[in-house]
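*Asks:* One structure coming up, written as structure tokens, with questions to follow.
The values are calculated or read from the model by the stated rules, or taken from the named source; none is laboratory data. Computed from a predicted model, the values in this text were never measured in an experiment. Heads up, the Cβs are rebuilt from the backbone with ideal geometry, glycines too, and the neighbour counts pull from every protein chain shown. Accessible surface is based on the protein model in full, side chains and every heavy atom, while ligands, DNA and RNA are left aside. Shrake-Rupley method; radii C 1.70, N 1.55, O 1.52, S 1.80 Å.
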Amino acid sequence: MSRSLLRTAKGELRTARRWVTRLSPVILFAIFLAWWFWLPDPLFHDPTSTVLTDRDDRLLGAQIASDQQWRFPENFLTPEKFRKAITIYEDRWFFFHPGINPVALIRALKLNIEQGEVVSGGSTISMQVIRLARKNRPRTYPEKLREILLALRLELGYSKEEILGLYASHAPFGGNVVGLEAASWRYFGVKPDHLSWGEVATLAVLPNSPGLIYPGRNPEKLREKRNRLLDLLAFHGEIDKQTCELAKEEMLPGMPLPLPQMASHLLVRASVEGYMGKKIRSTLEYPLQQTVADILSRHALYHKANEIHNAAAVVLSVNSGEVRAYVGNIPGDGTGRHGSAVDIIPANRSTGSLLKPFLYAAMLNDGLLLPTTLVPDVPTQMGGFVPENYNRTYDGAVPAKRALARSLNIPAVKMLQAYGYDQFYRLLRKIGMNSLSKPADHYGLAMILGGAESSLWEMTGIYASMARTLNHYLADSSGYSKLDFHPPKYMNPESSGRETVETDQLSAGSPDAVFPPPLDAASWFDAGTIWLTFEAMVEVARPETDMQWQQFASSNRIAWKTGTSFGNRDAWAIGVTPAYVVGVWVGNATGEGRPGLTGLGMAAPILFEIFDALPASGWFATPGSALDSVAVCHYSGYRVSSLCEPVDTILVPKRGVETGACPFHHLVHLDPSERYQVNSSCYSPAQIINKQWFLLPPVQEYYFSRKNPFYKLLPPWLPGCEPSSKTNPIGMIYPKNNSHIYIPVELDGSPGAAIFRAAYHNPKGILYWHLDETYLGSTTGLNQMELAPAPGWHILTLVSQTGETLEIQFEVMGKGR
């Protein structure tokens, strides 16, 4: 029986051994999998600071992490000096062991037994990384075992450099400073790779006991530890004796330093736009950022005397579209009353006159206008919309390019009326004005005078896109790419691993310039249109301090435009060269208007000072293949008719040849003395002198003749020779036919009167005024009369001394407005 039981037991044992043999690989594999996946990925979940650097990785600013720690994002590139210092101080065999140092562990175990408590952990840097990731759990032997196993696993998944980078990024450096990069800036104000040996040694000893030797508290203990490390570095041959002694003489850090705040508004913007907790390598240039900030701050001192408290500026590279300087606002007084924390650059504000160049370009591009074409500049009323020029004067008619250069409002409204505000609205959306959130009818004709809103970011982006399109065309003359119209960008492509080619300093047309291949036969504006628009913008009168700029050969040639919103709330200035676009805004973030707050007076001086700080970039070459020469009337600027003389030749876009011939030159018939107009019904054809005559409509003529001495008024008709039908020489300036008007009330509440104005071809002639068949009186020269009709419809009749009659009707809506 016993033998039988023994045989049974042996059989069961053999079976158990077979199962163990079979299951051992599975068990071992399961243990291996558990060990392999035990290491978290990512290893650290701590929130990090948002860090902004310039294009050369110089620190511009940082935000504290959400847990109120200064902890920069992980950086696996540990500076050579710190790598040597930390390994000698913490783990001399770091680059040779597999994650643990058995000798150090045994030595620590022996010491702990002798002391009766845990006084040494024998940890390697790899084990310390695990301990940091596990939030410094209590030092127990089971926890130490976990650290050992995880350190071995860490070494299999990370390189030595990556492990050292993790340690440097997450080690405590005292107070709320975590990581080498944050500590380097907080304690010494420099990048980690710019630290001296004394500074490196100071930081290398801090993680070992950050609470004990927090800078500024225990300087003698900190100095002792630092100097001991410097001696070790010298002993191991990492530094020479002289370097060691000099490093010991270096001062210890005091209390933490404030971090740079060179682009605080862009830092906040980047955080909001999805980059919170990341390191953002921007396209900014640190020296230029500093220069632009200084310029704004200096001008702000003068602006504050007029209760103007905010200003912003942005500088773009044309070819890349990258931001080179971004100053979202000027520093405040610390009270927060004036909105200095508001980033003005992306904020939508009334555009003032900034859209006028786009309208001018659109009409040139579509063949609706030539640069020299006369545009009406007379008192205008369109329903309830009464545009006025800034200086409240009128030219009668003005060449389109001069209207743009002088930023005249009435010609711009007339041009938009001719082009169509709905069509212009669609064009603005296409070229990048996405701030137009309402239908075209909401803005109407007022959009050209600031009735629409946009941002400095959007406006400078569109101007840069136009310049980029021209540069692109000049570089290869083969076509266009509508992709050249894109918003600015502040993220350096290197931040995302992409490469970029810098073309800032390449002159237009340079064979070395690199552009994307053209994709389209045409763009929103052709090259000729853009060049002519910029040429017109160069002619703008510069601020008073720079009136003689054209006399200096070294002065930059700049196409620029100013804008002032209604109520003097916003002052703009934007300038363009082949390499740069500069945009400036001045005003109050609260929207409060101030007297004297104009684009020309406040923003333009800043604009030109910024351009003076930029490298000169020359000027755009003439895109000859995108232009044609056409003959135009010297006085009207239209394409020549058979009656035009003298004649000029100008460059126009390709579609400029489609514009109509001059409507203002007529053939008139005069008597031999040329004092009277005659016709064949009353005068011998043989004695009639036929002469071409430049003749504007009456209202335009009224103002044009007063500012242009060359303009000759048409002679009167010889008595008895008046034709049965002729152009009416009388024109009504205000009010227009079928208009609705209001009669003002004086300051004391008494009824006021409206000024009715007319234009008469004969400046010495007499006009007789009648209201509802009641004779009112006569005028000559300055034909205007104060009237206060009762509410309701009325008929005004004007009769000249030679019998010409003009009749209009209007409605008085009431008094008191």
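*Asks:* Please report, to one decimal in angstroms, the Kirkwood hydrodynamic radius of the range 197-283 built from all distinct Cα-Cα pairs.
*Replies:* Here the Kirkwood hydrodynamic radius works out to 15.5 Å.
*Asks:* Hey, another quick one. Just need the Rg to Rh number for the range 49-97, please, alpha carbons only, Kirkwood Rh.
*Replies:* Taking Rg over the Kirkwood Rh, I get 1.12.
*Asks:* Let me ask something else about it. Evaluate the distance, in nm, between pseudo-label points positioned 7 Å from the Cα of His486 and of Gln809 along their respective Cα→Cβ axes.
*Replies:* Using points 7 Å along Cα→Cβ, the separation is 5.9 nm.
*Asks:* State the answer as a single residue: which of Phe710, Asn737, Val699 lies farthest towards the positive end of the charge dipole of the range 688-745, with beta carbon charges of +1 for Lys and Arg and -1 for Asp and Glu, about the Cα centre.
*Replies:* Phe710
*Asks:* So for the range 621-691, taking the charge dipole from beta-carbon charges (+1 Lys/Arg, -1 Asp/Glu), which of Pro646, Thr659, Cys633 sits furthest toward the positive end?
*Replies:* Going by the Cα projections, it comes out as Thr659.
*Asks:* Taking the range 119-170, which trypsin sites (Lys or Arg not before Pro) meet the DSSP loop condition and have no more than 15 other C-beta atoms within 10 Å?
*Replies:* Passing both the DSSP loop test and the Cβ count: Arg134, Lys135.
*Asks:* As a check on your grasp of the helix formula, calculate [θ] at 222 nm for the chain: sum -39500 (n - 2.57) over DSSP H runs of n ≥ 4, divide by the residue count, round to the nearest 500.
*Replies:* Result for the chain: -10000 deg cm²/dmol, rounded to the nearest 500.
*Asks:* A further question follows. Can you give the charge dipole size of the chain about its Cα centre, rounded to the nearest 20 debye, using +1 on the beta carbon of Lys and Arg and -1 on the beta carbon of Asp and Glu?
*Replies:* 3660 debye
*Asks:* Show me, for the range 766-775, the HN-Hα J-couplings you get by feeding each phi into the Karplus relation (A = 6.51, B = -1.76, C = 1.60, θ = phi - 60°), rounded to Hz, glycine and proline as x.
*Replies:* 10, 10, 10, 9, 9, 10, 6, 6, 9, 5
*Asks:* Report Rg (one decimal) and Dmax (nearest whole number) for the range 395-464, counting Cα atoms only, units Å.
*Replies:* In Å, with Rg to one decimal and Dmax whole: 12.7, 36.
*Asks:* Pick out, from Val799, Gly749, Pro719, the residue whose Cα sits farthest towards the positive end of the charge dipole of the range 658-814, with +1 on the Cβ of Lys and Arg and -1 on the Cβ of Asp and Glu.
*Replies:* After comparing all options, I get Pro719.
*Asks:* For the range 142-267, what number results from the quotient of the Cα radius of gyration and 2.2 N^0.38 Å?
*Replies:* Compactness ratio reported: 1.20.
*Asks:* To check my understanding: the extent here is largest minus smallest coordinate of the Cα atoms along each principal axis. What are those three numbers for the range 704-817, in Å, largest first?
*Replies:* If we take the Cα atoms of the range 704-817, the spans are 50, 32, 22 Å.
*Asks:* Taking the alpha-carbon centroid of each part, what is the distance from the range 463-480 to the range 694-752 in angstrom?
*Replies:* The range 463-480 and the range 694-752 have Cα centres spaced 46 Å from each other.
*Asks:* On to the next question. How big is the accessible area of Cys633 in square angstrom, nearest 10, if you roll a 1.4 angstrom probe over the protein chains?
*Replies:* Accessible area, nearest 10 Å²: 0 Å².
*Asks:* Quick one: pull the percentage of alpha-carbon pairs in the chain with a separation above 39 Å.
*Replies:* Looking at the chain, the distances longer than 39 Å represent 58 percent of pairs.
*Asks:* What order do you get for 402-410, 689-697 when each peptide is scored by the mean count of other beta carbon atoms within 10 Å, highest first?
*Replies:* The packing order, highest mean first, is 402-410, 689-697.
*Asks:* Here's something else I'd like to know. Taking a probe of 1.4 angstrom, what is the accessible area of Lys401 in Å², to the nearest 10?
*Replies:* 70 Å²
*Asks:* I'd like to compare 463-476, 643-656: which one has the highest average count of other Cβ atoms within 10 Å, and what's the full order after that?
*Replies:* Listed from highest to lowest mean packing, they are 463-476, 643-656.
*Asks:* Amide H neighbours of Ile733 under 5 Å, at least 5 residues apart or on other chains, H built in the peptide plane: list them.
*Replies:* Under 5 Å from the amide H of Ile733: Arg757, Ala758, Ala759.
*Asks:* Right, something else. Relative contact order of the range 295-423: what whole-number percent is it, with Cα pairs under 8 angstrom and at least 6 residues apart?
*Replies:* With pairs under 8 Å counted, the relative contact order is 17 percent.
*Asks:* Now for a separate question. How about the range 559-611: which chymotrypsin sites (Phe, Trp or Tyr not before Pro) there lie in a loop by DSSP and see at most 13 other Cβ atoms within 10 Å?
*Replies:* Those that pass, being in a loop and sparsely packed, are Phe566.
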